[in-house]
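*Asks:* Please read through the structure below; I'll follow up with questions.
The values are calculated or read from the model by the stated rules, or taken from the named source; none is laboratory data. All figures in this text were calculated on a predicted structure; none of them were measured in a lab. Note that we place each Cβ from the backbone using ideal geometry, even for glycine, and neighbour counts take in every protein chain shown. When the accessible area is computed, the model is the full protein with side chains, heavy atoms only, and any ligands, DNA or RNA have been set aside. Shrake-Rupley method; radii C 1.70, N 1.55, O 1.52, S 1.80 Å.
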Amino acid sequence: MGGAGLGTLFGMSAYTVLANKYRPRRFADVVGQEDLARVLERAVAQGRAAHAYLFCGPRGVGKTSMARIMAKAFNCLENDSGQPCGTCRVCAAIDEQGTVLDVVEIDGASHNRVENVRELIENLRFRPVEARNRIYIVDEVHMLSTAAFNALLKTLEEPPEHAKFILATTEPLKVPETIRSRCQQFDFRRLSADQIAKHLAFICSEENASVPDGLLPRVARHARGGMRDALSLLDQLLTFGDGSPTIEDFERLTGRLGPDLLHGIIAAALAGDVGPVMAGVDRAFDQGARAADVVAQITEVLEGLLVAAVGGIPTDRTDDERVQLASLAERTNVDHVMAMLDVMMEATSRLKQRHDGRLVVEMAMLTAARLPALQSLDAFLAGAPAPAAAPAGSAPRAPAQPARPQVSAAPARSASPPAPTRPSAPPASPPPGPSASASARAPAGTRPSAPTATPRSAGPEASAAAAVATEPARAPAPPRAPAPTPAPSAPPPPSTARNAPPSSPRQGPGPADPVPAPEEGKPPEAFSDRFIAAVARGARSVSVELKRYSIRVEDDRLILEPPSAGASPMIDPTEAANKKRLESIASEMVGHPVRLEVAAVRPAASAPAGDDDGVSDREGVDERVRRQFPGAERLEP
């Protein structure tokens, strides 16, 4: 006994949901896929229909409905124009779902084994019973196993003349390439909100339902391109509202927030007002909204705001929402909106890691509200002033770091003046020392500098430096021998450096005294040291081994003098790989190509005559003796 019989038996009439009641019956009834319907209709009418089709697309966009319309077009008994009549015996039976033996619908999720495909292939041998073609509609075909796909390959490529395959899937990439290449693939796209809202208005008029303005566009946008989802939600609203649903009913059933609340939260965030933002978030959670829904809805409003900020018109919004978005767009810019969208997208990813997402939402909205208080890097480098303080009610901003008043106290230690970190504008007060005394003797046209205050934390040395800077210039020290580049063996004492006559007034920031020359016998860094550091790269054993060599560069030669005789080096510089690397590093350091030369072995340190105890290699001893005492001869005992 069918469903209608059971309903009559218990005194109830069977109810057909709106998604099935208003399912398209002909190509002309298809909503949102008109182009695909036109291609398929003409293919049937012109006799150019393929033997296998693959319908791809998200859920609820009409794949199965189109497959049934194709089955009726292939087997319609009254019309050969490609458009099924819908009234003949075969068309009526297909609409009733499952009463035609020659149209078989298979669920790929439950018939995914290779045995099911073998049974299907066996049935293809029989010709259709009451229709002209045998149609196989396989829904969710990507759920078939690999063996089932392989078993279907040959039949799908060359099926019998009376067999047609229509495969449908929401995951086309999971269908093997060998299957897709044997089918004509049609991609079903999501429906626009306007298309869904228009179709919902038609259904409401057919059902004699009264809906307020703005409700159907909200339902259409909530469906996100799926007609079946929109019809299911409309069915719930009509039941909940007793045929006259309201916008409040929609918000209660779906957990959607009102547009006024959403726009108020975003307006406060754009203004940097943290208090109203957090109050709006609390109100959203008090209404029962989930954290993911709050983030998704705020992101949706920001998407529309981004379109409005670039001068566009959001087409999927109501007239009232467009007015509110235009008002918000006047208070912000594209970069600000994109920064807020980045914050919300980060919150969306974090919600997947937490069960209670309220903290994530609050942190995201607090971050979005603090964006106006931030300063861009370009503005900071350009020296622009920091943004104004946030309005009342927002979190206090961190106080700016005060400028350092003491730039002149540090150069008091003339032995090791600190180097400036980066060039900057000349300071308001010149540093003490020679420049201070020079500024005291500057011409009348030169603006005098303000006296520099001594910080409390400065010690006696800084106080003495300040005192010396303020007293008149003393007599110069006894004349020294002129030298273009003085390099004393030790740095002069601080008093001598301060009393030396300045050569010229100092221009710009910098240490008060010249950089002292290094001590005698200790160059800044010898070539061999830099070369060894570049070759070793932190390897201690390589560094120790190379330090045994005497390394120098003469013209275009890199000369390595190995250790004394008797020592076996661990690294052979003449090896091809080692030689190439040593020459490359040395060429890069000196700025021109060099070639490696290994000098002769250095003679060992002299040892007292006859002191050869413990020396096992007599030839090595003889060689050292001959080098140290030319003309000596060895006497055999």
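*Asks:* Go through (1) modelled with pLDDT of 85 or more; (2) touching a strand residue (DSSP E or B) at 6+ places or on another chain (Cβ under 8 Å) one by one and return the number of the condition residue 561 breaks.
*Replies:* Every listed condition holds for residue 561 apart from (1).
*Asks:* Here is a follow-up. With the requirement that a residue be of a type in the set (D, E, K, R) and either part of a helix (DSSP H, G or I) or free of Cβ contacts under 8 Å to residues at least 24 places away in the same chain (or both), what does the range 324-350 give you?
*Replies:* Listed by number, the residues that qualify are 330, 335, 342, 346, 350.
*Asks:* Specify which of the listed residues (321, 248) is in contact (Cβ under 8 Å) with a residue 12 or more places away in the chain and either in contact with a Ser or Thr (Cβ under 6 Å, 6 or more places away or on another chain) or open to solvent by 10 Å² or more (accessible area, probe 1.4 Å) (or both).
*Replies:* 321
*Asks:* What number of residues within the range 169-212 are within 30 Å of residue 143 (Cα to Cα) and touching a Cys at 6+ places or on another chain (Cβ under 8 Å)?
*Replies:* Going through the range 169-212 one residue at a time, the tally reaches 7.
*Asks:* Which of the residues spanning the range 328-375 are small (Gly, Ala, Ser) and at pLDDT 90 or above?
*Replies:* Passing the criteria: 329, 339, 347, 349, 364, 368, 369.
*Asks:* Could you tell me how many of the residues in the range 39-57 are open to solvent by less than 30 Å² (accessible area, probe 1.4 Å) and either of a type outside the set (A, V, I, L, M) or assigned to a helix (DSSP H, G or I) (or both)?
*Replies:* Total satisfying the criteria: 7.
*Asks:* Of the residues that sit in the range 293-318 and are over 23 Å from residue 281 (Cα atoms) and free of Cβ contacts under 8 Å to residues at least 24 places away in the same chain, which one is most open to solvent (accessible area, probe 1.4 Å)?
*Replies:* Among them, the one singled out is 313.
*Asks:* Turning to a different aspect of this structure: Which members of the range 224-242 meet the condition of being touching a residue at least 12 places away in the same chain (Cβ under 8 Å), open to solvent by 20 Å² or more (accessible area, probe 1.4 Å) and not hydroxyl-bearing (Ser, Thr, Tyr)?
*Replies:* 224, 227, 228, 229, 235, 236, 238, 240
*Asks:* Let me ask something additional. Just the residues that are of a type in the set (Ser, Thr, Tyr) and either crowded, with 20+ Cβ neighbours inside 10 Å or under 27 Å from residue 49 (Cβ atoms) (or both), please, taken from the range 171-223.
*Replies:* 178, 181
Table: residues versus (1) closer than 30 Å to residue 622 by Cβ; (2) among the polar types (S, T, N, Q); (3) open to solvent by 30 Å² or more (accessible area, probe 1.4 Å); (4) at pLDDT 80 or above.
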| residue | (1), (2), (3), (4) |
| --- | --- |
| 541 | no, yes, yes, no |
| 569 | yes, no, yes, no |
| 576 | no, no, yes, yes |
| 582 | no, no, no, yes |
